[in-house]
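Asker: Okay, handing you the structure first.
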Amino acid sequence: MHRRLNIRRSGLLVATLALALFACRAPRPLTEAEIAAGTALSSVVADRFQAQLIDRLQETIASDGMVAAIHVCAEEAPAIAGQLSAETGATVRRTALRNRNPAAVPDGLEAAVMAQWEGDPLEPGSGRPRRHSVVERDGGGERLRFLRAIPAAPQCLACHGPADMLAPEIRAAIAERYPEDRATGFAAGDLRGAFSITWTAEALRGALARGG
Ligand code: HEC
């Protein structure tokens with residue numbers, strides 16, 4: 001009797017240890033509520049990225065002209081992305097199927113989602129840019145991926161319109177800075193690219209705990 005109890009106890013101990021080990025290795029999966037909150041937070045981050053960039057672009061175009069704005073875009077877009085990444089803990093970037101910045105080449109998920117959006121970057125009902133969020137799972141844990149379409153507006157075409165319609169000094173400045181540029185030939189309403197925001201489960205929980 002006494003002995004049997006001991007065996008049971010040690011069995012329990014082994015089970016508890018195994019559970020503890022398992023719990024250490026496999027972090028708690030993201031809940032539906034965390035995914036929904038992470039998607040909403042990603043939208044806010046994309047809004048901030050867009051607003052800051054458009055502010056800087058308009059300021060520079062007004063004060064120093066379009067060619068200067070190319071340099072601002074080149075310096076500031078990655079800087080804003082870096083600052084939002086540092087602040088939120090997510091990886092924040094822009095990407096495009098036809099990219100200008102060589103670092104904006106899409107990964108598999110980004111390319112597949114943008115290919116679906118290419119004909120029509122807006123949601124049919126709301127007319128807002130399309131969004132996609134998905135949890136990726138692999139050996140390294142979970143990541144919440146969020147993408148939001150960036151449609152080309154008429155004011156973008158000075159630098160992203162058909163190459164033969166760009167002002168010669170703009171074409172020259174782009175060619176000098178981005179010899180491999182693929183980001184011309186767009187019309188207003190085309191899909192120009194996407195905001196792409198990636199959270200590890202840990203980074204997302206941290207941001208949600210800080211209140212976004
Ligand atoms: C003054 C010229 C200029 C204007 C106007 C402009 N862009 Fe760009 N765009 C650039 C440059 C330069 C880059 C490369 C920036 C970088 O290095 O990240 C770029 C990059 C991008 C990217 C990142 C992906 C890539 O191809 O590298 C997107 C998305 C984008 N632009 C969208 C837009 C949209 C939408 C508008 C209009 C609201 C716009 N741009 C207006 C010059 C411009």
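Every number here is computed from the coordinates shown, using simple stated rules; none is lab data. Since the structure is predicted, the reported quantities are computational estimates derived from the model, not experimental observations. Ideal geometry is used to build each Cβ from the backbone, glycine not excepted, and the neighbour counts take in all protein chains shown.
Asker: Can you compute the FRET efficiency between residue 165 and residue 115 using 1/(1 + (r/R0)^6), with r the Cβ-Cβ distance and R0 = 45 Å? Round to the nearest 0.05.
Answerer: With a Förster radius of 45 Å, E is 0.95.
Asker: So, one more: For the Cα atoms of the chain, what angle does the longest principal axis make with the long axis of helix 66-88, in degrees from 0 to 90, nearest 10?
Answerer: Computed tilt is about 10 degrees.
Asker: Taking the simple approach of a point 7 Å from Cα along Cα-to-Cβ for both residue 138 and residue 50, what is their distance in nm?
Answerer: Reported label-point gap for residue 138 and residue 50 is 2.9 nm.
Asker: Could you work out the mean projected area of the convex hull around the alpha carbons of the stretch 61-180, in square nanometres to one decimal?
Answerer: With the hull built on Cα positions only, its mean projection is 9.5 nm².
Asker: Using a cut-off of 14 Å between beta-carbons, work out the net charge of the residues near residue 184 (Lys and Arg +1, Asp and Glu -1, residue 184 not included).
Answerer: +2
Asker: Under a point spin-label approximation (7 Å from Cα along Cα-to-Cβ), what is the residue 75-residue 105 distance to one decimal in nm?
Answerer: 2.7 nm
Asker: What whole-number distance in Å separates the alpha-carbon centres of the stretch 27-72 and the stretch 152-199?
Answerer: For the stretch 27-72 versus the stretch 152-199, the Cα centre distance is 18 Å.
Asker: Further, regarding this structure: Where in the chain lies the longest segment free of trypsin sites (Lys or Arg not before Pro) that are both loop residues by DSSP (not H, G, I, E, B) and have at most 14 other Cβ atoms within 10 Å?
Answerer: Between exposed loop sites, the widest span is 1-181.
Asker: Restricted to Cα positions, what overall size does the chain have along the principal axes? Three whole-Å values, descending.
Answerer: Per principal axis, max minus min of the Cα coordinates gives 93, 32, 31 Å.
Asker: Something else about it: Between the stretch 100-144 and the stretch 79-94, what is the separation of their alpha carbon centroids in Å?
Answerer: 17 Å
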